[in-house]
Amino acid sequence: MFDLAIIGGGPAGYVAAERAGAKGLGVVLFEKRELGGVCLNEGCIPTKTLLYSAKVYDTAVHGDKYGISAKEVSFDFGKIVDRKNKVVRKLVAGVGAKMKAGKVTVVKGAATIQGRSAAGVELACNGERYLAANLLVCTGSEAFVPPIPGLKEAGDVVLTNREILALTEQPKRLVIIGGGVIGMEFASFFNSLGTEVTVVEMLPEILGGLDPEISAMLRDIYAKRGVRFNLSCRVTEVKGSEVIFTTQEGAAASATGDKILVSVGRRPVTGGFGLEALGVELNKGGIKVDSKLRTNVPNVYAAGDVTGFSLLAHTASREGEVVVNNLTGRPDTMRYNAIPGVVYTNPEVAGVGLTEEAAKLQGVAYRVAKLPMAYAGRFVAENEGGTGLCKVLVGERYGEVLGVHMLGNPSSEMLYGACMAIEQEMTLREMQEVVFPHPTVSEIFKEAIFEL
């Protein structure tokens, strides 16, 4: 008998298991593939490892801008991939060590829910039966592959985020269906290495949901680097290695690639493990939960992508923590007003809180300040000729920070300050009184606030 059974060892599952184990709960964690889930094995970590290699290569190629010249700069695609695999193995092993330290029972296999009795939730895996007082479902999400005619027939030409990470040879031409976060990160990586990249996006701008002004700036940067963008275009068919689409004007067009990456979004995994045996309620394809991540079934919780709300690893981890906190006597609720989003292109895009468009839709009165990243001395020193922008939104009435959106390196490492400001409802005056380290690019945040 376990206090908590967890299905899925991704960011929601393994973090919840670690926290629960540390608090003395008896935990069993089921994972059918590898600990770390999609994020660690097929998403966040491997892609960022590849992107860093591309960034190092970019820096070396353009070193003359900083007074550094190399006679010859080259890369080895195989070694880049090997390093990615090494990093993943190391971090997966690290998660395993955390489970061991927390005395978590890890079962490698596909768990299925058998039902629920007065004693608890009953599960089966690898021919064994398990009983737990509480169940946390963290089965994550999977790549959504739209029913485009000819897509299945194209065979191994067509890739999702999983297959493209398994490539051992660099494609000369890559067509990306979908200009969201995943699509743009792979566009960045392969463009840096010299692959001819074409992006076909159904929306009028890339990175839908992020600040449109910053998205357009990033698109302009990559267009100048040779990435071809086809916006407001709907893919109608795939013929072998050719992607056929309709333009905004209604004309037929096409793009051909050695590989075709489909990155049009992800969907929660709610089937195949017996969820229906409990009568758990679904909502828009995901498991319906409240602010404490409780489902409609007592003692059954869900966290991470499977809820279909915020398909981000850091959201999932926090949701897992909320579940464990409530199970161990610490009342806690999940808040989504300060969930950061990052695109690890070069330059990076990072944002948290309301965009101007969201504020207008919600009827929130706001003021906005915009400053080029070049206002920060450190940015100028490290980004020769670089383009960047910092945008800060504050409430009109109270002056509280509502949103911060940035383009420029290292936006991802600066964003946590904005997250804390929004989470703590800090005002302009309070932010102005904070001492920022100098010289850092993060000073741009404070500089922008003084413009309001």
Checklist entry - Rounded to the nearest 5, what % of the DSSP beta bridges within the stretch 153-264 are antiparallel ones? => result 40 percent
Checklist entry - Could you give the distance between the Cα centres of the stretch 253-297 and the stretch 45-118, to the whole Å? => result 25 Å
Checklist outcome for this item: Each label sits 7 Å from Cα toward the beta-carbon; between GLU72 and LYS288 the label points are separated, in nm, by 6.5 nm
Item to check | Over the stretch 341-449, volume per residue of the alpha carbon convex hull, in Å³ | outcome: 88 Å³
Checklist entry - If you project the alpha carbons of the chain onto the principal axes, what extent comes out on each, in Å, largest first? => result 68, 59, 47
Checklist entry - If amide H atoms are built 1.01 Å from N in the plane of the peptide, which residues on other chains or at least 5 residues away come under 5 Å of the amide H of GLY140? => result VAL269, ASP305, VAL306
Checklist outcome for this item: Sorted by chain and number, the residues with a modelled amide H under 5 Å from that of GLN114, at a separation of 5 or more or across chains, are GLU122, LEU123, ALA124
Checklist outcome for this item: For ASN296, other-chain or 5+-apart residues with amide H closer than 5 Å (H placed, Pro excluded) are GLU281
Item to check | Cys with no candidate disulfide partner in the chain (beta-carbon separation under 4.7 Å rule) | outcome: CYS125, CYS138, CYS233, CYS390, CYS419
Next on the checklist: Take VAL145 and LYS370, extend 7 Å from each Cα along the Cα→Cβ direction, and tell me the distance between the two endpoints in nm.
Outcome noted: 4.1 nm
Item to check | Extreme residue, positive dipole direction of the chain, given options PRO204, THR256, LEU218 (C-beta unit charges) | outcome: THR256
Item to check | Whole-number percent relative contact order across the stretch 173-260, with pairs defined as alpha carbons under 8 Å at least 6 apart | outcome: 31 percent
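I need the Kirkwood Rh of the stretch 408-452: take the reciprocal of the average 1/r across all distinct C-alpha pairs and report it in angstrom. Don't jump to the answer; show the numbers that get you there.
Working: mean 1/r = 0.0914 Å⁻¹.
When all Cα pairs of the stretch 408-452 are included, the Kirkwood radius is 10.9 Å.
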Item to check | DSSP-defined beta bridges in the chain - what % are antiparallel, rounded to 5 | outcome: 60 percent
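Within the stretch 396-435, which GluC sites (Glu not before Pro) sit in a loop by DSSP and count at most 13 neighbouring Cβ atoms inside 10 Å? Spell out each step's value before the answer.
Details: sites: GLU396, GLU400, GLU413, GLU423, GLU425, GLU430, GLU433; in loops: GLU396, GLU425, GLU433.
Those that pass, being in a loop and sparsely packed, are GLU396, GLU433.
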Checklist entry - Along the three principal axes, how long is the stretch 153-264 when you take its alpha carbons, biggest first, rounded to the nearest angstrom? => result 36, 31, 22
Checklist entry - Which of the GluC sites (Glu not before Pro) found in the stretch 1-110 are in a DSSP loop and have at most 11 neighbouring Cβ atoms, other than their own, within 10 Å? => result GLU72
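Given charges of +1 on the Cβ of Lys and Arg and -1 on the Cβ of Asp and Glu, with all other atoms neutral, how large is the dipole of the stretch 341-449 about its Cα centre, in debye to the nearest 20?
Numbers: 8 positive and 14 negative charges, 54 e Å.
It comes to approximately 260 debye.
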Item to check | Listed peptides 181-189, 262-270 by packing density, highest first (mean Cβ within 10 Å) | outcome: 181-189, 262-270
Next on the checklist: Could you check the spin-label model distance between ALA216 and MET1? Points 7 Å from the Cα along Cα→Cβ, value in nm.
Outcome noted: 6.3 nm
Checklist entry - If you find the alpha carbon centre of the stretch 302-359 and of the stretch 362-428, how far apart are they in angstrom? => result 19 Å
Item to check | Highest-first arrangement of 215-228, 233-246, 143-156, where packing means the average Cβ count within 10 Å | outcome: 233-246, 215-228, 143-156
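So, with +1 on the Cβ of K and R and -1 on the Cβ of D and E, and no other charges, what is the size of the charge dipole of the chain about its Cα centre, to the nearest 20 debye?
1000 debye
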Item to check | Residue-wise HN-Hα coupling along the stretch 190-205, computed from phi with Karplus coefficients 6.51, -1.76, 1.60 (Hz; x: Gly, Pro) | outcome: 6, 5, 4, 8, x, 5, 7, 10, 10, 10, 10, 10, 6, 7, x, 8
Checklist entry - From the phi of every residue in the stretch 441-452, what ³J(HN,Hα) in whole Hz does the Karplus formula 6.51 cos²θ - 1.76 cosθ + 1.60 yield, where θ is phi - 60° and glycine or proline is x? => result 5, 4, 4, 4, 4, 5, 4, 5, 4, 6, 7, 8
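Read the figures in this text as sums done on the coordinates, not as results from a lab. Nothing here was measured: the structure is a model prediction, and the numbers come from that model. All Cβ positions, glycine included, derive from the backbone under ideal geometry; neighbour counts span all protein chains shown.
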